[in-house]
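Okay, structure first, notes after.
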Amino acid sequence: MRKILFVDGCVRGRERSSTYQVARAFLEAFQKVNPQDQLEEVELLRQKPECFTGKEIELRDQLLREGRLDAPLFDLARQFAQADGILVAAPYWDLSFPALVKAYIENVSVCGITFGYGPEGQELGLCKAKKLLFVTTSGGAFPEEQRWLRGTGMDYWKALCWMFGIPDFDFLWVQGLDLEGNDRQALLRQGMEQAAQLGARW
Ligand SMILES: Cc1cc2nc3c(=O)[nH]c(=O)nc-3n(C[C@H](O)[C@H](O)[C@H](O)COP(=O)(O)O)c2cc1C
């Protein structure tokens, strides 16, 4: 049995979010093929991870110095490190994703839990997951040559996967949902179909 972690950054709320619908299509197809696997969900809208300031950093450093990796402050990091596969879903906001997703990243980026350093100071990823999929939807649609400019959220997650030692990164980006003249529902349906295909073979 594998543990699959769903990090839900669809902060407009599940009932209103297109990104959530795409993510759910992925999960339903995945669960159909892999009924034995266990799904854990972190709904950032409810969980509201703290943004880090000096106070949180001081506490984190103190806990790390004392070797207290089992402290509640590290619950999200331990959960992330122990998952076998991770799905992150968040809408496309201002070239990346909502701030609560960044706050989540601050909470899971813990030296000694999700990443660390080897004897020669080399960076080591400590996460168990073999793969991470990032799902997003955007109002606009962008040409491929602007991927470097528009895709900073995907690139960020790709870099995090490298840091955490997760070898297989992929993303699904459903675009153009808010463009005048586009059929939002049709685009969304297409995105959900794509997600279901991915989920069935993930
Ligand atoms: C705060 C905010 C920022 C957004 N920024 C962008 C943006 O930079 N580019 C874009 O194409 N769409 C942007 N959008 C539109 C959303 O990406 C789009 O509506 C998306 O499908 C919303 O997903 P959701 O229904 O899961 O919340 C933004 C929407 C909001 C509310």
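A short reminder: the numbers here are calculations on the coordinates, not readings from a lab. Note that this is a predicted model, so its numbers are computed, not measured. Quick reminder, even Gly has a Cβ in these numbers, built from the backbone with ideal geometry, and neighbours come from all protein chains shown.
Worth pointing out:
- Local net charge near Gln38, Cβ-Cβ under 14 Å (Lys/Arg +1, Asp/Glu -1): -1
- Links that overshoot a 24 Å alpha carbon limit, given the list Lys102/Lys130; Lys55/Lys131; Lys102/Lys158; Lys55/Lys158: Lys55/Lys131; Lys55/Lys158
- Within a Gaussian network of the chain (alpha carbon springs, distance under 10 Å), most fluctuating of Tyr92, Tyr156, Tyr104: Tyr156
- Cut-off 15 Å between beta-carbons: net charge of the residues surrounding Phe142, Lys and Arg +1, Asp and Glu -1: -3
- Potential extension, Leu126-Glu66 segment - 0.36 nm per residue separation minus Cα distance: 19.6 nm
- Angle in degrees between helix 18-33 and the longest Cα principal axis of the chain, rounded to the nearest 10: 80 degrees
- The listed peptides 115-121, 34-40, 4-10, ordered by packing as a protection proxy, come out as 4-10, 34-40, 115-121 (highest mean of other Cβ atoms within 10 Å first).
- Under 14 Å, Cβ to Cβ, from Asp8 - net charge with Lys/Arg +1 and Asp/Glu -1: +2
- Considering only segment 1-130, percent of DSSP beta bridges that pair antiparallel, nearest 5: 25 percent
- Peptides 165-176, 41-52, 62-73 ordered by average Cβ neighbours within 10 Å, highest first: 165-176, 41-52, 62-73
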